[in-house]
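The values are calculated or read from the model by the stated rules, or taken from the named source; none is laboratory data. Please read all numbers here as calculations on a predicted model, not as lab measurements. Ideal geometry is used to build each Cβ from the backbone, glycine not excepted, and the neighbour counts take in all protein chains shown.
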Amino acid sequence: MDLADGLIDHPYDVYQRLREAAPVHRIAGPDGSPAWLVTRYDDVREALADPRLSLDKRHAAPGGYRGLVLPPALDANLLNMDPPDHTRIRRLVGRAFTARRVERLRTPVRRTADRLLDALGPHGTTDLIAAYAAPLPVTVICDLLGVPEAHRRDFREWTDALVAPDPARPRAAKEAVGAMLGFFTRLLADKRADPADDLLSDLVAVREEGDRLSEDELMSLAFLILFAGYENTVQLIGNAVLALLRHPDQLAALREDPARLPAAVAELSRYEGPALLAIRRFPTEDVTLGGVTVPAGETVLLSLAAANRDPARFPDPDRLDLARDASGHLALGHGIHHCLGAPLARAETEIALAALLERFPALALADEDVRWRRSLRARGLTALRVSYSSGAKAG
């Protein structure tokens, strides 16, 4: 089965058919290699926390993984490792994303959101991804890490090249990797020479103090935090705005009761999360998933999108319902590999929606023909054309 058939533009229809037919399917994965796709909520959730399903590519069967190969200085990151290294590195960086630190970031995040909305003016038409949903998380994560503003302009182009490669530019992904490697090499050298009050300076100091953090691990951490801190959040914000504009009754309910925002973000994440698939996994031994035995070393793909629309867990799952209890959704993972920056991503999405809806009572889609990024893993928009006005909503 070719996973790409209809999946980018109509993923939930495809996943519904797969989920109803069987819990596990043998398919051609995003890189063309054979893989096992898991689609039902209980199976996906259990597999996400199963220590026998390794993220380390060294557990892949020979020739079984043909995805993008990063240089060692970027590959030694949390998405490619298991305990005990995963546990050690996650602990080192975890303090950046504690609930207390995220709460302290809310004021500067709102300040950034307001500044971006100020730049739009009181009314007009814009691409909300380029003007708001993308620059907000880039600014926040770069401020957190201590990335100078002059070096932020190429970041979205690099991430697009990695997440949604352009078939017309077959070398773009490798070129982006090379550019990012050079960027982080220079950035970390700057932090050593002139440390500041930021996360990267803290991590450099940990490395210099003799912690078991290798040079490649340090570089890979910088890459992953910046990449994931941007990528997940821009898609959460953009997808949430689109879903609300397509469901005016839910948008009206949220405007009437902004206190619903935290629960609303959970439901919006379940309904249209930032990823179709979790990062691939490789069984360290033969495992049984959904009644199917998957041999050691073969590639396992866990569909977060299919799980979040499973009616066995979420009744009437294709309906957006901001009053729903969406706790337990898997949009940002589960288990020890649950997204490290999830608290910050949720806070940014809440603040971005609050600021946008307060500023523009009249907000509408300017183009119904939205286009999704050509990725079988990420779920995000290439653009989102909206019209907006700070005046009273018509009607």
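A few points about this structure:
- Summed over region 210-249, residues that are of a type outside the set (S, T, N, Q), over 30 Å from L357 (Cβ atoms) and surrounded by fewer than 19 Cβ atoms within 10 Å (Cβ to Cβ) total 5.
- Single match in L200, L136 (criterion: touching a Lys or Arg at 6+ places or on another chain (Cβ under 8 Å) and either of a type outside the set (D, E, K, R) or in a loop (DSSP other than H, G, I, E, B) (or both)): L200
- Selection within region 10-30 - surrounded by fewer than 17 Cβ atoms within 10 Å (Cβ to Cβ), among the aliphatic types (A, V, I, L, M) and part of a helix (DSSP H, G or I): A21
- Here T107 does not fit the description of being over 19 Å from the mean Cα position of the chain (by Cα), closer than 20 Å to A228 by Cα and among the β-branched types (V, I, T).
- Filter result for A306 (under 17 Å from the mean Cα position of the chain (by Cα) and closer than 27 Å to R255 by Cα): no
- Sole exception among (1) exposed (fewer than 13 other Cβ atoms within 10 Å of the Cβ); (2) modelled with pLDDT under 85; (3) outside any helix (DSSP H, G or I) for A150, by number: (3)
- Qualifying residue in region 212-232 (condition: free of Cβ contacts under 8 Å to residues at least 40 places away in the same chain and either in a helix (DSSP H, G or I) or more than 23 Å from R88 (Cβ to Cβ) (or both)): yes
- In this structure, I237 does not qualify as under 19 Å from R90 (Cβ atoms) and β-branched (V, I, T).
- Selection status of S33, polar (S, T, N, Q), at pLDDT below 95 and in contact with a strand residue (DSSP E or B) (Cβ under 8 Å, 6 or more places away or on another chain): yes
- One residue from I141, I129 being of a type in the set (V, I, T), in contact with a strand residue (DSSP E or B) (Cβ under 8 Å, 6 or more places away or on another chain) and part of a helix (DSSP H, G or I): I129
- Test for V44: is it touching a strand residue (DSSP E or B) at 6+ places or on another chain (Cβ under 7 Å), of a type in the set (V, I, T) and touching a residue at least 60 places away in the same chain (Cβ under 8 Å): yes
- Within region 65-81, tally of residues that are within 24 Å of D286 (Cβ to Cβ), of a type outside the set (S, T, Y) and either without any contact (Cβ under 8 Å) to a residue 12 or more places away in the chain or buried (at least 19 other Cβ atoms within 10 Å of the Cβ) (or both): 2
- Of all the listed residues (R111, R95, R58), the sole one being closer than 30 Å to D286 by Cβ and either touching a Phe, Trp or Tyr at 6+ places or on another chain (Cβ under 9 Å) or free of Cβ contacts under 8 Å to residues at least 24 places away in the same chain (or both) is R58.
- Checking each residue in region 93-104 for being surrounded by fewer than 19 Cβ atoms within 10 Å (Cβ to Cβ) and in a helix (DSSP H, G or I) picks out G94, R95, A99, R100, R101, E103, R104.
- Flag if A362 is of a type in the set (A, V, I, L, M, F, W, C) and surrounded by fewer than 16 Cβ atoms within 10 Å (Cβ to Cβ): yes
- Close pairs from region 168-193: first at negative phi and among the small types (G, A, S), partner assigned to a helix (DSSP H, G or I) and surrounded by 12 or more Cβ atoms within 10 Å (Cβ to Cβ), Cβ under 7 Å, at least 6 apart: A172/A161; A173/A161; A173/L162; A176/W158; A176/A161; A176/L162; A179/W158
- Scanning region 261-296 for residues that are part of a loop (DSSP other than H, G, I, E, B) and surrounded by 19 or more Cβ atoms within 10 Å (Cβ to Cβ) gives E272, G273, P274, L276, A278, R280.
- The single residue among A331, A378, A345, A352 that is more than 24 Å from L78 (Cβ to Cβ) and either surrounded by 15 or more Cβ atoms within 10 Å (Cβ to Cβ) or touching a residue at least 60 places away in the same chain (Cβ under 8 Å) (or both) turns out to be A352.
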